[in-house]
Amino acid sequence: MSVKILTDSTSYLPEEICRELGIIKISLNVVFKNKSIKETEITNEEFYPLMEKEGIPKSSQPSTGEMFEEMKKVVESGDSLVCVFISSKMSGTYQSALMVKEMVLEEYKDAKIEIIDSGSNCMQLGFAAMVGAKAAKEGKSFKEVVDIIKGNIKRSRFLFIPDNLEYLKKGGRIGGATALIGNLLKIIPILTVEEGKTSILDKVRTKKKAVMTMIDKLIHDSSIFGLKDVVVHHINCFNEAIELSKFIEEKLNVKPQIVDIGPVIGLHVGPGAIGFVYYTEKELT
């Protein structure tokens with residue numbers, strides 16, 4: 001019996017990593033007026049023009065039916081299952097998973113299933129799933145895999161900046177007047193995720209200054225807690241992501257992978273958003 005990892009699409013884990021580590025991924029959806037689309041089935045290049053045309057979509061969690069089938073497949077084969085999902089303060093996915101777990105256990109009473117709230121999204125969630133899958137592949141026990149995932153969550157940080165505040169305004173994450181004034185004054189918030197919610201780490205006047213402030217934070221954390229891995233995130237600004245990745249490599253001698261942020265998270269920050277996720281050797285404080 002082995003340990004399998006199930007996560008959701010807002011981890012934005014590259015498909016090659018999922019295949020290599022056997023990570024199962026279920027998709028959240030973007031819901032326009034007349035249609036619901038899995039975010040894994042629409043590209044950013046298709047999504048943002050559609051959003052401009054049809055208005056701001058809502059996001060929705062995976063169906064309980066799909067979640068049930070994925071969990072059932074694992075436990076009926078005799079494997080145990082560790083699920084790690086987007087923050088419960090950002091989506092109902094985690095709560096649904098708890099309910100589905102009980103449904104599965106009614107049929108498979110001896111099954112071992114753990115549901116973990118990552119408290120985040122993007123590769124902060126992705127790293128948690130990834131280190132769990134690596135541990136499982138190394139033959140670690142169910143409890144060890146769970147502990148490794150929870151430990152990684154305490155050792156990771158997500159820093160990112162929007163290109164402007166318009167999408168935060170459209171998505172209801174920042175007030176209209178604040179967005180208007182912020183754009184006029186060219187104020188760029190440096191965003192992070194704390195206690196399961198998006199929060200503002202700092203505010204600066206230019207995107208270049210914001211990027212340097214994020215880099216300074218990464219260097220500071222690396223010097224104190226030790227850097228294990230880092231991924232650069234972006235939405236439709238690949239060239240900027242390449243530059244940021246090269247700069248991090250020069251400063252810290254680690255080559256970050258570049259990973260797109262998809263529509264479910266992207267609808268709140270918009271094209272041009274850029275940032276990175278990293279985790280450390282020691283627990284962050």
**OP:** Please find, among Ile23, Ile86, Ile17, Ile42, the residue that is within 19 Å of Lys112 (Cα to Cα) and not assigned by the TED database to the domain that holds Val264.
**Re:** Ile23
**OP:** Could you tell me whether segment 69-84 includes any residue that is surrounded by fewer than 17 Cβ atoms within 10 Å (Cβ to Cβ) and among the hydroxyl-bearing types (Ser, Thr, Tyr)?
**Re:** yes
**OP:** Write out, first by first residue and then by second, each pair whose Cβ atoms fall under 6 Å of each other, whose residues are 6+ apart or on separate chains, and whose first residue, in segment 116-138, is not assigned by the TED database to the domain that holds Asp8 while the second is assigned to a helix (DSSP H, G or I) and buried (at least 24 other Cβ atoms within 10 Å of the Cβ).
**Re:** none
**OP:** State the number of residues belonging to segment 226-238 that are open to solvent by 20 Å² or more (accessible area, probe 1.4 Å) and over 16 Å from Gly270 (Cα atoms).
**Re:** 3
Original post:
For segment 119-129, what are the residues that are open to solvent by less than 10 Å² (accessible area, probe 1.4 Å) and more than 8 Å from the chain's Cα centre (by Cα)?
Top reply: Phe127, Ala128, Ala129
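Which residue, of Val30, Val74, is over 19 Å from the mean Cα position of the chain (by Cα) and touching a residue at least 40 places away in the same chain (Cβ under 8 Å)?
Going through Val30, Val74 in turn, the sole match is Val74.
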Original post:
Val3: touching a Pro at 6+ places or on another chain (Cβ under 7 Å), among the aliphatic types (A, V, I, L, M) and either open to solvent by less than 30 Å² (accessible area, probe 1.4 Å) or outside the structural domain of Glu195 (by the TED database) (or both), yes or no?
Top reply: no
**OP:** Would you mind finding the one in Leu98, Leu105 that is touching a strand residue (DSSP E or B) at 6+ places or on another chain (Cβ under 6 Å), assigned to a helix (DSSP H, G or I), modelled with pLDDT of 95 or more and farther than 28 Å from Asp216 by Cβ?
**Re:** Leu98
Original post:
With respect to the numbered conditions (1) open to solvent by less than 10 Å² (accessible area, probe 1.4 Å); (2) in contact with a Lys or Arg (Cβ under 8 Å, 6 or more places away or on another chain), which one is the sole condition not fulfilled by Gly132?
Top reply: (2)
**OP:** Could you tell me whether Met103 is within 27 Å of Lys209 (Cβ to Cβ) and either in contact (Cβ under 8 Å) with a residue 24 or more places away in the chain or in contact with an Asp or Glu (Cβ under 7 Å, 6 or more places away or on another chain) (or both)?
**Re:** no
Subject >> Boolean, Ser59 is in contact (Cβ under 8 Å) with a residue 12 or more places away in the chain and under 22 Å from the mean Cα position of the chain (by Cα) >> reply: yes
Subject >> Condition met for Gly151 (open to solvent by 10 Å² or more (accessible area, probe 1.4 Å) and part of a loop (DSSP other than H, G, I, E, B)) >> reply: no
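The values are calculated or read from the model by the stated rules, or taken from the named source; none is laboratory data. These numbers were taken from a predicted model, which means no experiment stands behind them. Positions of Cβ are backbone-derived with ideal geometry, glycine not excepted, and every protein chain shown enters the neighbour counts. Heavy atoms of the whole protein, side chains included, go into the accessibility calculation; ligands, DNA and RNA do not. Shrake-Rupley method; radii C 1.70, N 1.55, O 1.52, S 1.80 Å.
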